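Reviewing the structure listed below.
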Amino acid sequence: MNAQLKIAGLSPELLGLESVLIGSLPATLMTDDAPDRYTVEAVFTRKTDRDEVAAIQGSEMRAHLSANGFPTVELHVADRRLEIANTNLEELRDGLAAVIAERLAEISATLLEERAIVAHRFQDASDREQHRAAAVAALAESVAFIPRRASGLPDDDARIDDWVEEGGAVLA
């Protein structure tokens with residue numbers, strides 16, 4: 001039996017970002033009224049799963065961004081978009097985009113590896129259970145509900161009679 005652990009909607013493809021959603025940017029960019037920091041939305045390469053969302057929005061990601069020089073940046077997943085708050089296009093271009101992309105790939109790779117281990121353990125347990133069930137079935141099939149005389153084996157009375165006839169007992 002070759003069972004595989006498949007979770008609906010999950011893809012073995014590493015999670016990444018395709019592009020910035022231009023329409024989500026502030027209309028005042030490159031004007032005198034442009035904000036210094038704002039939210040930039042980027043499109044994921046595929047749908048995220050709940051474990052990926054938790055990792056992206058979790059404290060480890062915040063610590064990773066902070067350790068790489070982006071302590072004020074916040075990430076939020078909204079469907080197939082990543083909202084990157086408290087940043088700007090220049091900061092993304094100059095390194096933040098690469099930091100996020102690398103971390104997304106690490107998250108995906110780690111989750112894929114963990115799921116492969118779980119699938120392998122599941123397969124091993126399934127194989128062990130299949131072997132155990134086969135052994136139980138074989139043992140159960142070896143049980144025969146046949147009287148000893150019909151089976152060709154001597155029963156106790158016949159064996160006692162043989163013993164008595166051979167002089168193994170004193171008859172009264």
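The values are calculated or read from the model by the stated rules, or taken from the named source; none is laboratory data. Remember, predicted model here, so these are calculated numbers, not experimental data. In this analysis, Cβ positions are derived from the backbone assuming ideal geometry, glycine residues included, and neighbour counts consider all displayed protein chains. Surface accessibility is based on the protein's heavy atoms, side chains included, excluding ligands, DNA and RNA. Shrake-Rupley method; radii C 1.70, N 1.55, O 1.52, S 1.80 Å.
Numbers below:
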{"read-out": "Out of Ser126, Ser66, sole residue that is over 24 Å from Ser24 (Cβ atoms), modelled with pLDDT of 95 or more and out of contact with any His (no Cβ under 7 Å at 6 or more places or on another chain)", "value": "Ser66"}
{"read-out": "Close pairs (9 angstrom Cβ cut-off, 6 or more residues apart or separate chains): in contact (Cβ under 8 Å) with a residue 12 or more places away in the chain and closer than 13 Å to Met61 by Cβ in the stretch 102-113, among the polar types (S, T, N, Q) and open to solvent by 60 Å² or more (accessible area, probe 1.4 Å) anywhere", "value": "Arg103/Asn68"}
{"read-out": "Pick from the stretch 69-83, criterion aliphatic (A, V, I, L, M) and over 13 Å from Leu96 (Cα atoms), ranking: surrounded by the fewest Cβ atoms within 10 Å (Cβ to Cβ)", "value": "Ala78"}
{"read-out": "Flag for Asp32 being over 28 Å from the mean Cα position of the chain (by Cα) and either farther than 14 Å from Ala101 by Cβ or among the aliphatic types (A, V, I, L, M) (or both)", "value": "yes"}
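Residues are listed down the side, and each one gets a yes or a no for (1) among the aliphatic types (A, V, I, L, M); (2) in contact with a strand residue (DSSP E or B) (Cβ under 7 Å, 6 or more places away or on another chain); (3) more than 20 Å from Asp36 (Cα to Cα):
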site: Ser59; (1), (2), (3): no, no, yes
site: Ser66; (1), (2), (3): no, no, no
site: Phe70; (1), (2), (3): no, no, no
site: Arg81; (1), (2), (3): no, yes, yes
site: Leu89; (1), (2), (3): yes, yes, no
site: Ala135; (1), (2), (3): yes, no, yes
site: Pro147; (1), (2), (3): no, no, yes
